[in-house]
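Okay, structure first, notes after.
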Amino acid sequence: MTDFLDIHKTDAGDLHKILVQAKAMKVARADLPKGTPDADAPLANHMVALIFEKPSTRTRVSFDVGVRQMGGQSMILSGSEMQLGHGETIADTARVLSRYVDMIMIRTFDESVLLEMAEYASVPVINGLTDRTHPCQIMADVMTYEEHHGSIKGKKVVWMGDGNNVCTSFLHAAGQFGFDLTFAGPANLEPEAEAIGYARKKGATVTIERDAHKAVEGADLIVTDTWLSMHDKQSARERRHNLLRPYQVNNALLQTAGKDAVFMHCLPAHREEEITSEVMDGPQSLVFDEAENRLHAQKAIMRHCLGV
Ligand code: CP
Ligand code: NVA
């Protein structure tokens, strides 16, 4: 049994094994109705708690469906409706939940909540997004890229815009999967130095670029995300939009990148802000395959955590 807290905290060999299993599980149930259980029911008799302290569509539904397809049972808990949101400590919550369930997935604000949950829980804990990282997303992203274009190793990935939590996990993945990452965005929204340092230490080339068009030259994959994350203050909206507008992913940018570049976005997207509909719905966009692969990647992550 093991946690899945971050891409750089999981062994690179295990990350590859997770993706191989995810692909196999996806193929095995292709075209079946979504409620059809997987033949081997690897999570039979397992109970999984899914805790959300922030909104979610994809993470919530894909984890819930994933547990059920694998023969387990899940419960979705809202942080504000738990005693956790009313003064009970994270450590006590972790110890109590461990008496009822076999695994915990948590989406929260500060990373310290996730880490404390993992420290005190005696069952595996999975990171469903914090202010700092979003590892399950990037596992689905790597899976999606590789489904369409083969190994991501040595490819040029360009992150456009805000150096946020999803970007940080991309940097961790650059180190673990061996691709190069160019960040194109404003100086005061650069990704954290620690993640850049990590990726470089692992041999990835990390480039910081202010010019969006220059950044995407020769890109294999272009990725962006919302200009205001769930942990950002609404009052910062206008300032951030003004800073990030030059980094919108639109058709002109895609033309610079070339027809072989593909586009991804973790979603939810704010159309005509960070991404135009022409790109999002265009032939180079993989966004809905990417969303689907959350389900398959996370099923394999859960199996990895439980050792089943
Ligand atoms: N990409 C992602 O995590 O989406 P949700 O916020 O809908 O879960
Ligand atoms: N960066 C976004 C990702 C949403 C899935 C956020 O944290 O709100």
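Numbers at a glance
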quantity: The stretch 63-79 residues near the modelled Tyr100 label - backbone nitrogen below 15 Å, point 7 Å along Cα→Cβ; calculated: 73-79
quantity: Accessible area (Å², 1.4 Å probe, nearest 10) - Tyr198; calculated: 50
quantity: The stretch 125-167, relative contact order in percent, only Cα pairs under 8 angstrom and at least six apart counted; calculated: 48
quantity: Peptide ranges 83-93, 270-280 listed from the most packed, as the mean C-beta count within 10 angstrom indicates; calculated: 270-280, 83-93
quantity: Mean separation of Cα contacts under 8 Å, 6 or more apart, over the residue count of the stretch 202-271: relative contact order %; calculated: 50
quantity: Convex hull volume of the stretch 194-295 per residue (C-alpha atoms, cubic angstrom); calculated: 136
quantity: Whole-number D in µm² s⁻¹ for the stretch 4-154, Kirkwood Cα-pair radius fed into Stokes-Einstein, 37 °C, 0.692 mPa s; calculated: 200
quantity: Order of exposure, largest accessible area first, which applies to His134, His149 with probe 1.4 Å; calculated: His149, His134
quantity: The chain - accessible surface per residue (Å², probe 1.4 Å); calculated: 42
quantity: FRET efficiency estimate (nearest 0.05) - Cβ-Cβ, Asp110 to Glu272, R0 22 angstrom; calculated: 0.10
quantity: Heavy-atom accessible surface of the chain: percent carbon and sulfur, 1.4 Å; calculated: 50
quantity: Along each principal axis, Cα extent of the stretch 127-272, largest first, Å; calculated: 41, 35, 24
quantity: Theoretical FRET efficiency, 1/(1+(r/R0)^6), r = Cβ-Cβ of Ile208 and Asn242, R0 25 Å, to 0.05; calculated: 0.80
quantity: Convex hull projection area averaged over all views, the chain, Cα basis, nm²; calculated: 15.1
quantity: Sequence ranges 179-187, 6-14, ranked by mean other-Cβ count within 10 angstrom, highest first; calculated: 179-187, 6-14
quantity: Linear extension gain, Glu217 paired with His16, 0.36 nm per residue minus alpha-carbon span; calculated: 69.5 nm
quantity: Relative contact order of the chain, defined on C-alpha pairs under 8 angstrom at six or more residues apart (%); calculated: 20
quantity: Protection proxy ranking, peptides 247-254, 230-237, 299-306, average beta carbon neighbours within 10 Å, highest first; calculated: 299-306, 247-254, 230-237
quantity: Nonlocal amide H pairs with Gln73, under 5 Å, H built at 1.01 Å; calculated: His46, Met47, Val48
quantity: Rg and Dmax [Cα atoms of the stretch 33-74; Å; Rg one decimal, Dmax integer]; calculated: 10.8, 33
quantity: Virtual spin-label span in nm between Ala28 and Asp260, 7 Å along Cα→Cβ; calculated: 3.5
quantity: With DNA, RNA and ligands ignored, accessible area of Phe288 (1.4 Å probe; Å², nearest 10); calculated: 120
quantity: Separation in nanometres of the label points that stand 7 Å from Cα toward Cβ, at Glu119 and Met75; calculated: 2.6
quantity: Fluctuation leader among Asp260, Asp40, Asp64 - the chain, Gaussian network, Cα springs under 10 angstrom; calculated: Asp40
quantity: 222 nm mean residue ellipticity, helices alone, for the chain (DSSP H n ≥ 4; -39,500 (n - 2.57); rounded to 500); calculated: -13000 deg cm²/dmol
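The values are calculated or read from the model by the stated rules, or taken from the named source; none is laboratory data. Note that this is a predicted model, so its numbers are computed, not measured. Because the Cβ atoms are built from the backbone with ideal geometry, glycine has one as well, and the counts that use them run over all protein chains shown. When the accessible area is computed, the model is the full protein with side chains, heavy atoms only, and any ligands, DNA or RNA have been set aside. Shrake-Rupley method; radii C 1.70, N 1.55, O 1.52, S 1.80 Å.
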